[in-house]
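Note sheet for the following structure.
Readers should treat all values here as calculations from the given coordinates under stated rules, not as data from a laboratory. Every value quoted in this text rests on a predicted model; they were computed, and no experiment measured them. Neighbour counts run over all protein chains shown; Cβ positions are idealised from the backbone, glycine included.
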Amino acid sequence: MTRPSWSSVRTSGRSAGCFRVTDGLAAAFGEARVFDTPLAESGIVGTAIGMAMNGLRPVVEMQFDAFAYPAFEQITSHLAKLRNRTRGRMSLPIVIRIPYGGGIGGVEHHCDSSEAYYTHTAGLRVVTPATPGDAYALLRQAIDCPDPVIFLDPNAATGRKRPRSWTTPPRSSTGPPCAGRALTSP
């Protein structure tokens with residue numbers, strides 16, 4: 001958020017969301033850059049698209065995966081397709097952070113696993129972290145990406161402790177976190 005073009009659109013209200021992921025951002029960066037919105041997901045994503053078209057890099061926070069369904073049309077038909085429709089002349093560097101999956105005791109709207117919808121949509125990049133360190137590094141890289149990124153944050157892991165060091169690994173350091181025969185040997 002230290003770069004002037006980074007913005008954040010929150011859907012979480014003054015409490016910094018159900019998982020407190022955005023706690024302190026408004027105080028640190030001001031309410032002009034970090035602001036609350038009504039729970040109107042299609043409008044939130046549409047606003048983020050407009051912000052990106054005007055040179056910003058919005059980061060949208062949905063409260064739960066099933067709450068993103070009202071915005072699905074905006075995400076799959078507009079956000080994912082604009083670069084192709086404009087023949088590469090316009091990109092939408094937007095990150096949509098969506099907590100997903102079970103493990104929190106929520107039933108009806110709080111434990112979907114909608115990742116297949118996003119991974120099968122051309123034009124979207126989809127990432128999910130395995131550790132808190134991965135979450136930090138992936139979020140930084142997602143914000144820097146010129147394409148729209150769906151950042152799926154596992155519900156069961158969102159309350160994990162933060163790592164001691166917040167360093168962003170270089171993009172070339174992808175792959176398994178450690179060598180193991182199951183991944184490296186036949």
- [ ] Starting at the first residue of the range 49-62, write each ³J(HN,Hα) from the Karplus equation 6.51 cos²θ - 1.76 cosθ + 1.60 with θ = phi - 60°, in whole Hz, x for Gly and Pro.
- [x] 4, x, 5, 5, 5, 9, x, 8, 10, x, 10, 9, 10, 8
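Once the other residues with Cβ under 9 Å from the Cβ of R83 are scored (Lys, Arg +1; Asp, Glu -1), what is the net sum?
+3
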Task: Simple spin-label estimate for F72 and T86 in nanometres, 7 Å along Cα-Cβ - done: 2.7 nm
Task: For D153, residues with placed amide H under 5 Å, excluding near neighbours - done: I98, Y100
Task: Karplus-derived 3J(HN,Hα), 6.51/-1.76/1.60, for each residue of the range 69-84, Hz, glycine and proline x - done: 4, x, 9, 4, 4, 4, 5, 7, 9, 10, 4, 6, 9, 5, 4, 5
